[in-house]
Structure formats: structure tokens, C-alpha cells
Amino acid sequence: MKIQIIALGMTDQSHRKFYNTQDMGLGRALADMGHCVDMYSFIKGDTDETVEFAENLHMHYLHSKSFGFHSLHSCDFITSDVDGVIVFSDNQMNFKQVRKVCQKNHVVCLPYIGALGSHNTSSLKKMLLDILIPNIRYYRKMTVMAKTPNVKKQMESEQIKDVIVAPCCLDLAAVHEDYEKEDVGKLREEIGFDADDKVILFLARLIDEKHPLEMLDIFAELCKKDDSYRLISIGKGELQPEFEKKMDDLGLRDKVYRIESIENSQVWKFYRMSDVMVNLNRVEIFGMAILEAMYYGCPVVARRAPGPEYILTSGQDGFLCDDSEQVKSNVEKLCNTSEYRDGIVHNAHERIMNDFTWKSTAEIMLKTIKAKQKENKSEP
């Protein structure tokens, strides 16, 4: 089959150095199954570029007009010889154009959705954008793919009836397979930590919804009880000045390793050297970092949110928490009971390998495309 994957949001090539992107993971899985896959990503400027990853797998960076994060490309690359278009659409305003071109050329169009409506923090802008971008209206007339059961539930509440769950997954082609052979002590020494320190990873942007200042409060309480705790903070954002000041005010500067960003090819080192990863986002839609941590043997302690609740079975392959006290308690349990931690690590890795690799989601997509093609042919 000939498949196109479109990520409608504006991006740039450097973005892919720092993130395990979903379109690439899905594209690789489809290509590995023998299908011809073309991925499309929209950039500013006036020069297009195509990167060949395999004979049947290409990424096309196309220059496009835009409205903020929204690309406004004509999408004329969608032609009648394409079997299916999988489009990361959410609330992107150019989904209307993609749908129009697919209909014109009788191509199956599958919107792949992680959230409904605008994410804008301004209530006025959110209301206006939701009016200007009528994607929900279109989704009601289509088969749509939801990234989580929670998103499916949201869609059904909006009278979107034909919804199939196709989870986001980990791209095994992008992981460091031999991570278990790497010496944890040496990795810690590279960043100035001791081999026997108790290391917490906080991999999150420094913005309100990630609660970085709360992370420092939790870390400070842990340090009062045990001076061997250390924190790795990876991320940047609008709260960075406050985060830096609070580190100093709490006397934590010497116990925190801070970097703003890291290439995706190197992030495995930080999962490997950490005893636990903490996620404090109460509105986490999914959580690719959670999947990565589970794969690399770094147990996850997360506040309850749709993504973590879908991925984790609390007490078996990670922990779901209602408040900061539960976060602290579970961090201490994992850092101080090696045998218990080993069981969580094993279960988490098995969960990823059994349920969250892109091959299973690619099979769901292909089955849906074939069913829609058959349905379209039977229509008068």
C-alpha cells in the first residue's frame, strides 16, 4: 500500500533531534511491514527537502505559509494513487484542506487525534479558535483514530461515533538497545554525581502545567531526610528564572544537574542513570517520556492524569499518585528497596514490549484503511 503521514503543525528539522516523534515511529513501522511511506512535515522558509531513510520511507520537509503553529499548505501531494492518508490533525485549521483533497481524489483519510479543541491558555482565544477550526464537525462524519481511551471518550461525548483507539508507541528503531550494558556509576560520574546517589529525573518543560516548582519542594523534603538524593532537571520554559531562584533559596543548587535540552539520541543516558522519573502534569494527554523511561528501566511516579492512567498499572509497572505526599512516598520506596524496584522495572519493560510498539498501532491503521477502501467501493 501507498501511505502518507502528515503532521500538520509547523516544525523544523532540529525538532527531531530532541524528540522521539510519533510520525516517524509510525512511518518506520509501516515501512518495515513492506508498505511505501511518505511523511510530510511543514517548515518556514522557501526551500523544500526530502530525506530518504529507506527505499520505501521518505520524510518531506515542505515550506508552507502558516498561521502561528498552523500550517496552511495546499497538500497537493495527495494524489489518487495514494491508498491512505494518516493525518496528525487535532485542532489544526488546515485539516479542512487535507480532507477536501482526500475526498477529491477518493483517498482514505484517517485523522489521528490526541486532543480535541484548542490548547490556548487564554479562554477568549480558545473560544475563538474552536469556532474558527470546526474539526469536530468533520470528525463526526468520519472514522477517526484516538491516541488514548480518554480521547475516545471525549470524542463520543461530542457525538463523534466512529472512533478507534490506536495508541502512541515507542519507536524501537530510535532506542539504545544495549542500555543495560552501560555502567550506571560511570554515567553518574560524568555529570558529577556519586555512584550510590539516589537520582530523580524530572524531564519536563519549565511551565505551569508541568509543576517544576512543586518538583523542587518535593525534592527539598526528600533531601531533608536523606542527603544522598540528587535531581536531574531537563527542560526550559517561562518558569526557568523562578526555578533557578528557588533552587538557590532552598539550597539545592549543588544537588541538581540542570540542562535545557538534549538530543534524543543521548537521552537514554539519563533514564539509565536515574532511579526514578517523576511526572507531575495533571493534564498529561499521553506521555512519550513515560514510555521511554519504562523501556530503559527507570520506574515512573506520576500524578494522576489521562496519559499515565492509561499507560501505568499503579503498583505493578509504575505509580499513580493523588498528591505530593504519595509522590515522595513512592520515590522513597523505589530508591530504598532494590528488590521491589527490580520487579517494577521488569514489569514496565514488558508492558512496553507487549503493548506499546508501533507495529501494533500500524496494523490497526492498515486494517482501518482497507476496511474504508472496501466500504467506499461498495457505495453507489
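The values are calculated or read from the model by the stated rules, or taken from the named source; none is laboratory data. These numbers come from a predicted model, not from an experiment. As a convention, Cβ positions derive from the backbone with ideal geometry for all residues, glycine included, and neighbour counts pool all protein chains shown. To get the accessible areas, we keep the full protein, side chains included, count just its heavy atoms, and leave off ligands, DNA and RNA. Shrake-Rupley method; radii C 1.70, N 1.55, O 1.52, S 1.80 Å.
Things worth noting here:
- Gain on full stretching of the segment that runs from LYS65 to LYS359 - 0.36 nm per residue minus C-alpha separation: 102.5 nm
- ILE364 - accessible surface, heavy atoms, 1.4 Å probe, Å² rounded to 10: 50 Å²
- Using a probe of 1.4 Å on the protein chains alone, the accessible area found for TRP358 is around 10 Å².
- Dipole magnitude of segment 242-380 about its Cα centre (Cβ charges: Lys, Arg +1; Asp, Glu -1), debye to nearest 20: 520 debye
- The slack in the chain from ARG282 to LYS2, taken as 0.36 nm per residue of separation less the alpha-carbon distance, amounts to 96.9 nm.
- Here the Gaussian network model covers the chain, with springs between Cα atoms less than 10 Å apart; of GLY287, GLY34, GLY114, GLY34 fluctuates the most.
- This model, with +1 at the C-beta of Lys and Arg and -1 at the C-beta of Asp and Glu, gives the chain a dipole about its Cα centre of some 1680 debye.
- Cβ screening of the chain for cysteine pairs under 4.7 Å finds these without a partner: CYS36, CYS75, CYS168, CYS169, CYS223, CYS298, CYS321, CYS335.
- Filter on LYS152/LYS328; LYS141/LYS359; LYS161/LYS367; LYS198/LYS245 - keep pairs with C-alpha separation over 30 Å: LYS152/LYS328
- Label sites at ASP322 and ASP208, each approximated as a point 7 angstrom past Cα along Cα to Cβ, lie 2.6 nm apart.
- With helices as the sole contributors, the chain gives -12000 deg cm²/dmol at 222 nm; each DSSP H run of n ≥ 4 counts as -39500 (n - 2.57), and the sum is divided by every residue.
- With respect to the chain, whose longest principal axis is taken over its alpha-carbon atoms, helix 240-249 is tilted by about 10°.
- The chain: angle of helix 324-336 to the longest principal axis, Cα-based, in degrees nearest 10: 70 degrees
- Scattering profile of segment 189-245 at q = 0.15, 0.21, 0.28, 0.30 Å⁻¹ [log10 I(q)/I(0), Debye over alpha-carbon scatterers]: -0.46, -0.83, -1.15, -1.21
- When the pairs LYS153/LYS210; LYS44/LYS236; LYS186/LYS255; LYS96/LYS210; LYS96/LYS236 are compared against a 27 Å limit on Cα-Cα distance, LYS96/LYS210; LYS96/LYS236 fall above it.
- Antiparallel DSSP beta bridges within segment 37-122, percent to nearest 5: 35 percent
- What the pair-distance distribution of the chain shows, using all Cα-Cα distances binned every 20 Å from zero, is 27, 55, 18, 1 percent.
- With Cα atoms, 0 to 90° folded angle of helix 358-378 axis to the chain main axis: 20 degrees
- 15 Å cut-off, amide nitrogen to a point 7 angstrom out along ALA173 Cα→Cβ, residues in segment 337-375: 357-363
- Once the chain from SER157 to ASP227 is taken as fully extended at 0.36 nm per residue, the excess over their C-alpha distance is 20.3 nm.
- Accessible surface area normalised per residue over the chain is 47 Å², counting heavy atoms of protein chains with a 1.4 Å rolling probe.
- Theoretical FRET efficiency, 1/(1+(r/R0)^6), r = Cβ-Cβ of ASN336 and GLU190, R0 22 Å, to 0.05: 0.35
- Computed in the context of the full set of protein chains, the accessible area of the chain at 1.4 Å probe radius has 47% of its extent on carbon or sulfur.
- Projecting the Cα atoms of SER338, PHE286, TYR229 onto the charge dipole of the chain (Cβ charges, centred on the Cα centre) puts PHE286 farthest toward the positive pole.
- Percent antiparallel among DSSP beta bridges (both partners in the chain, rounded to 5): 15 percent
- Label positions at GLN103 and SER314, each projected 7 Å from the Cα along the C-beta direction, are separated by 4.5 nm.
- A straight line joining the Cα centroids of segment 137-151 and segment 281-352 runs 28 Å.
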